[in-house]
Amino acid sequence: MHKPLSALLALLCALPLAAQDRADVEQLQKFARVYRYLTELYVDDEDMAPVVEGAIAGMLERLDPHSAYLTAEEMRSVRESIDGEFSGIGVEFNVLRDTIIVVNTVAGGPAERAGMRANDRIVRIDTTEAVGFTRADVPKHLRGKTGTKVALEVVRHGVPERLRFTLVRDRIPLNTVDAAYRVSDSVGYIKVNRFGQTTMAEFGEAYRKLGRPGALILDLQGNGGGLLDQAIGMAGFFLPRGAVVVSTEGRAVPPTDFETQSPGEDTAGRLVVLIDEASASASEIVAGAVQDWDRGIVVGRPSFGKGLVQRQIGLPDGSAVRLTVARYHTPSGRVIQRPYEKGNRREYYLDHLRRYDDRTRDSLDAGAPAYRTLRTGRTVYGGGGIRPDVVVAPDTAGYSDYYARLIRQGVVADFVNDWLDRARDSLSRRYADFEAFDAGFVPSDSLLGRLTAEGERRGVAFDAAGFAASAPVVRIQLKALAAQRMFGPAAYFRVVNPSLNAAYIRATEILADWRRRGEPLLEGKN
């Protein structure tokens with residue numbers, strides 16, 4: 001029997017016997033018969049693996065928007081993302097004009113230990129010329145088993161000959177905490193990009209390095225979710241022992257309450273959680289629990305509304321299916337999942353975009369069921385997703401079509417790399433650390449002129465009005481990208497947040513106002 005078909009049969013046979021009634025068996029026999037006809041009668045000799053994979057994906061697409069089929073290759077990427085590490089040389093890279101550019105090296109990784117630097121161009125990997133590689137090609141050559149060797153040839157600006165490195169691959173962490181820093185003496189900021197296996201270990205370490213601040217901004221904007229246990233752990237960090245974080249219910253699974261198992265490490269400090277339309281699943285669980293227990297204020301834009309519980313079932317060839325088995329409810333009883341029509345995924349995602357055409361709270365709350373929070377009895381709304389306590393519309397001032405074209409065509413990213421190739425050493429001599437760079441560096445008019453000239457050379461016609469509107473944002477982005485490449489990922493957010501992140505700015509205002517007044521962060525019933 002062909003492997004793809006045997007994988008499908010193994011999955012179906014693993015279902016409870018009660019589900020395999022006559023109609024189910026007949027449908028399975030129909031599928032097997034069509035498969036046999038294809039292999040025996042079809043005009044061409046076809047590889048049946050992609051045919052069967054397409055059939056499985058097609059079945060799941062007729063269900064809810066989040067049941068899915070994952071190929072064996074996709075599963076490897078998923079495992080790396082969830083496990084929080086992979087084996088490689090420890091570089092963050094980009095591919096610009098067919099060349100692999102080292103954006104940053106991982107602290108303590110093989111590349112850094114060997115002396116590789118940001119902006120190095122990798123032109124050969126072992127015996128293979130690397131010029132012309134796509135982004136998908138690079139991991140296949142740089143990653144491998146821990147302890148194996150890889151030989152690289154590198155071009156570095158200012159060095160006439162190729163540099164040669166022989167690196168020993170090692171375990172490389174995939175961090176889920178992007179940034180953690182002090183906003184002020186009493187306020188800390190932590191940005192979490194997803195919920196992986198190491199999230200709570202990273203988060204706890206970051207929080208303690210901040211000196212256990214009296215107030216915290218937890219940034220979950222753009223966080224698409226991840227592991228349930230890590231979300232429960234994060235909510236439990238701020239809640240007392242025994243507090244319900246989330247509940248699940250489904251046809252084939254019993255209703256279950258997930259409670260915090262230990263006293264929270266920070267149950268009294270002021271807390272603001274930032275969310276937006278890309279915050280989903282585990283992020284919504286955390287934000288919903290904080291909101292329902294009146295533990296803090298949620299600021300930003302309404303979240304995505306992904307509240308379906310998937311069970312991942314592995315297949316013999318390394319692929320897997322994710323089947324929706326239950327729905328998530330917040331502690332007050334709100335359903336996190338927004339409405340959907342089975343089999344109509346396109347409309348589901350289009351509806352998500354339409355929800356934010358009018359970004360006022362009233363447009364989303366109209367007709368939505370009302371709930372009460374568990375401590376103060378404040379009104380919160382169901383109907384899918386988490387509605388912030390303070391809605392902050394995105395600040396679109398400074399974003400023009402001209403600037404968008406520069407971004408989409410890669411002009412800004414390429415320009416920053418080329419510019420830093422030449423300017424990094426002089427900038428490093430002038431600015432010994434991020435604080436000096438942040439206080440002293442402002443991209444000049446001349447630098448912006450060189451950017452627009454590069455845009456014209458790359459086919460982006462100069463637009464005077466668009467440039468005038470976007471120049472302030474361009475200066476901030478150039479500074480932030482330079483800071484990221486010189487001082488690490490957190491430096492990017494330290495530049496961008498106070499200037500361009502509207503939800504972050506509002507959060508700092510809320511915390512400053514609370515401190516000035518000495519009043520509770522949350523009011524009573526409304």
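The values are calculated or read from the model by the stated rules, or taken from the named source; none is laboratory data. Computed from a predicted structure; not experimentally measured. Because the Cβ atoms are built from the backbone with ideal geometry, glycine has one as well, and the counts that use them run over all protein chains shown. With ligands, DNA and RNA removed, areas are computed over all heavy atoms of the protein, side chains included. Shrake-Rupley method; radii C 1.70, N 1.55, O 1.52, S 1.80 Å.
Listing for the model above:
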| quantity | calculated |
| --- | --- |
| Single residue of the stretch 146-170 satisfying the filter (surrounded by fewer than 13 Cβ atoms within 10 Å (Cβ to Cβ) and of a type in the set (D, E, K, R)) that is nearest to residue 426 (Cα to Cα) | 161 |
| Leading residue by the ranking (modelled with the lowest pLDDT) among those in the stretch 130-154 that are part of a loop (DSSP other than H, G, I, E, B) and charged (D, E, K, R) | 135 |
| Which listed residue, of 333, 305, 398, is open to solvent by less than 20 Å² (accessible area, probe 1.4 Å), outside any strand (DSSP E or B) and modelled with pLDDT of 90 or more | 305 |
| Some residue of the stretch 48-71 being closer than 30 Å to residue 198 by Cβ, out of contact with any strand residue (DSSP E or B) (no Cβ under 6 Å at 6 or more places or on another chain), hydroxyl-bearing (Ser, Thr, Tyr) and open to solvent by less than 80 Å² (accessible area, probe 1.4 Å) | yes |
| Cross-chain or 6+ apart pairs with Cβ under 7 Å, the stretch 292-318 first and closer than 17 Å to residue 504 by Cβ and of a type in the set (S, T, N, Q), then modelled with pLDDT of 90 or more and in a loop (DSSP other than H, G, I, E, B) | 303/277; 303/279; 303/280; 303/385; 303/386 |
| Checklist (1) assigned to a strand (DSSP E or B); (2) exposed (fewer than 14 other Cβ atoms within 10 Å of the Cβ); (3) in contact with an Asp or Glu (Cβ under 7 Å, 6 or more places away or on another chain) applied to residue 257, failing item | (3) |
| From 201, 206, 231, residue being crowded, with 23+ Cβ neighbours inside 10 Å and at pLDDT 95 or above | 231 |
| Residue ID - nearest to the chain's Cα centre (by Cα), chosen from residues in the stretch 416-448 that are open to solvent by less than 20 Å² (accessible area, probe 1.4 Å) and within 17 Å of residue 470 (Cβ to Cβ) | 416 |
| Criterion (in contact (Cβ under 8 Å) with a residue 40 or more places away in the chain, open to solvent by 30 Å² or more (accessible area, probe 1.4 Å) and either closer than 25 Å to residue 188 by Cα or among the aliphatic types (A, V, I, L, M) (or both)) met by exactly one of 507, 469, 502 | 469 |
| Pick from the stretch 171-186, criterion part of a loop (DSSP other than H, G, I, E, B) and open to solvent by 60 Å² or more (accessible area, probe 1.4 Å), ranking: modelled with the lowest pLDDT | 175 |
| Residues of the stretch 236-250 satisfying the condition of being open to solvent by 30 Å² or more (accessible area, probe 1.4 Å) and free of Cβ contacts under 8 Å to residues at least 60 places away in the same chain | 240, 241, 242 |
| Identity of the residue in the stretch 67-95, part of a loop (DSSP other than H, G, I, E, B) and modelled with pLDDT of 85 or more, that ends up farthest from the chain's Cα centre (by Cα) | 89 |
| For residue 487: the one exception among (1) among the aromatic types (Phe, Trp, Tyr); (2) in contact with a strand residue (DSSP E or B) (Cβ under 7 Å, 6 or more places away or on another chain); (3) open to solvent by 50 Å² or more (accessible area, probe 1.4 Å) | (2) |
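Here's the yes/no breakdown for (1) modelled with pLDDT of 95 or more; (2) among the aromatic types (Phe, Trp, Tyr); (3) over 29 Å from residue 242 (Cβ atoms); (4) part of a loop (DSSP other than H, G, I, E, B):
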position: 278; (1), (2), (3), (4): no, no, yes, yes
position: 290; (1), (2), (3), (4): yes, no, no, no
position: 295; (1), (2), (3), (4): yes, no, no, yes
position: 339; (1), (2), (3), (4): no, no, yes, yes
